[in-house]
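The values are calculated or read from the model by the stated rules, or taken from the named source; none is laboratory data. Treat the numbers as computed from the prediction; the structure is a model and nothing was measured. Don't worry about glycine lacking a Cβ; one is built from the backbone with ideal geometry, like all the others, and counts go over all protein chains shown.
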Amino acid sequence: MSYDRADHDYSTEQDPLPKGHAATHIGIFLAWAVFNGLENEFHRRQPAELLARLRRREMTGRQFFEAVCDGRFSEKDLGPEGNAFAEYYYANETGERGPYFADYKRTLAARLPSFWHVADTWANYDRMAAVIDRRFADWRKPPPARRWWQFWK
C-alpha cells in the first residue's frame, strides 16, 4: 500500500516553491518513525549510513526520504507497528488522509500561504514530532475496560 507520493509540484509561476517542497510532510513523518524505531528492516540494512546521518540530524527527513524512497512513502518503509499507526494517523488503505494532515497544517502551515510552504528544518520537525508523539501515545492506549453493567455500549 502506498501512503503518499512526492512527485507532484504545487508551484505556480507566480508562487514558485523550492524543489522537494512536496516531500517535506512525508519526510517529517518518516523521520519521526525512524527516531521511534518504527522503520522497516530494509532501511536499517540497505542505506545504513543514510539512516545514521538522519539519526545524527546531518540530513533532514525529507532529504532521507528523497535519497532512499524513490518518491513514494509506502508500507515497505515501516515495520508492522509503524504501518498500523500510519494507517490510522497518516492515510488508510483507501487513500483517505488521516489526522496527520490537519495536525501538520495547524502546527506548521497555519500562517503560511499553503501546506506546501513549510520549510524543511529540524525546528519544524521538533514542533511536529511533539504532536505525533501525543497522537502515538493516545493510539497505543488500550480502550478502557468495560464494567459488567456496561453491556449495552
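Taking the condition at positive phi and not in a helix (DSSP H, G or I), does D70 pass? Give the steps one after another, and end with the answer.
Details: at positive phi: yes; not in a helix (DSSP H, G or I): yes.
Against the criterion (at positive phi and not in a helix (DSSP H, G or I)), D70 qualifies.
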The range 1-12 residues that are within 17 Å of P113 (Cβ to Cβ), paired with ones that are modelled with pLDDT of 85 or more and surrounded by 12 or more Cβ atoms within 10 Å (Cβ to Cβ) (beta carbon under 9 Å, 6 or more apart): H8/A22; D9/A22; Y10/A22; Y10/S114; Y10/F115; Y10/W116; S11/W116
Filter result for the condition that a residue is under 20 Å from L38 (Cα atoms) and either modelled with pLDDT of 85 or more or out of contact with any Pro (no Cβ under 9 Å at 6 or more places or on another chain) (or both), over A102, A129, A123: A129
Which numbered condition Y89 fails, given (1) of a type in the set (S, T, Y); (2) modelled with pLDDT of 95 or more; (3) farther than 27 Å from Q46 by Cα: (3)
Any hit, the range 104-124, residues being in contact (Cβ under 8 Å) with a residue 60 or more places away in the chain, outside any helix (DSSP H, G or I), of a type in the set (G, A, S) and loosely packed, with under 15 Cβ neighbours inside 10 Å: yes
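Residue-wise test of (1) among the aliphatic types (A, V, I, L, M); (2) crowded, with 18+ Cβ neighbours inside 10 Å; (3) within 15 Å of A22 (Cβ to Cβ); (4) touching a residue at least 12 places away in the same chain (Cβ under 8 Å).
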position	(1), (2), (3), (4)
P80	no, no, no, no
A84	yes, no, no, no
Y89	no, yes, no, yes
T94	no, no, no, no
R97	no, no, yes, no
A102	yes, no, no, no
